[in-house]
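Enquirer: I am attaching a structure below and will ask some questions about it afterwards.
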Amino acid sequence: QVHIVESGGGLVQSGGSMRLSCAASGTSFSIATMGWYRQAPGKQRELVAAVISGGSLVYADSVKGRFTISRDNAKNAVYLQMNSLKPEDTAVYYCYVDFSTLPRRWGQGTQVTVSS
């Protein structure tokens, strides 16, 4: 059974940094894409960043230059380094994994709160 486990998150002051981690376990299926979405209260879930199979990186315009996504294929893990955090970055962050032959899997979500 596939498990997607996230870690990181919490409370940080505006301008601070935080790192989120996500790892997929229980699978031998090839992973295509790993990334992060976020959802703020009253808003739709939005893509934050992703690492596409082959290494291409995708970022939301709102986080470009502040967030960095990286991936460790050996560990089936993806990381999101968030710098210069703003109150508007406050949201629940969800890791997702797209496999080559399985439906998308989601992490449980981790709360990131940026105080002003």
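Enquirer: Place the peptides 96-103, 51-58 in order of packing, highest mean first, counting for every residue the other Cβ atoms within 10 Å and averaging per peptide.
Expert: The peptides rank, most packed first, as 96-103, 51-58.
Enquirer: Can you compute the FRET efficiency between residue 7 and residue 101 using 1/(1 + (r/R0)^6), with r the Cβ-Cβ distance and R0 = 30 Å? Round to the nearest 0.05.
Expert: 0.65
Enquirer: Moving to a separate point now. With just the Cα atoms defining each centre, how far is the range 69-94 from the range 49-68? Give it in Å.
Expert: Between the Cα centre of the range 69-94 and that of the range 49-68, the gap is 10 Å.
Enquirer: Tabulate in residue order the Karplus-calculated ³J(HN,Hα) for the range 61-76, using 6.51 cos²θ - 1.76 cosθ + 1.60 with θ = phi - 60°, rounded to whole Hz; enter x for Gly and Pro.
Expert: With coefficients 6.51, -1.76 and 1.60, one gets 4, 5, 10, 4, x, 10, 9, 10, 9, 9, 9, 10, 5, 5, 9, 6 Hz.
Enquirer: Quick one: 3J(HN,Hα) in Hz for the range 40-57, Karplus 6.51/-1.76/1.60 with θ = phi - 60°, rounded, Gly and Pro as x.
Expert: Karplus-based 3J(HN,Hα) across the range 40-57 equals 8, x, x, 10, 6, 5, 10, 6, 9, 6, 8, 10, 7, 3, x, x, 5, 10 Hz.
Enquirer: Skipping prolines and chain starts, which residues have an amide H placed within reach, meaning under 5 Å, of the one on residue 67, given they are 5 or more residues away or on another chain?
Expert: Those lying under 5 Å, H to H, from residue 67 are 83.
A short reminder: the numbers here are calculations on the coordinates, not readings from a lab. Given the structure is predicted, the values throughout are model-derived calculations rather than measurements. In this analysis, Cβ positions are derived from the backbone assuming ideal geometry, glycine residues included, and neighbour counts consider all displayed protein chains.
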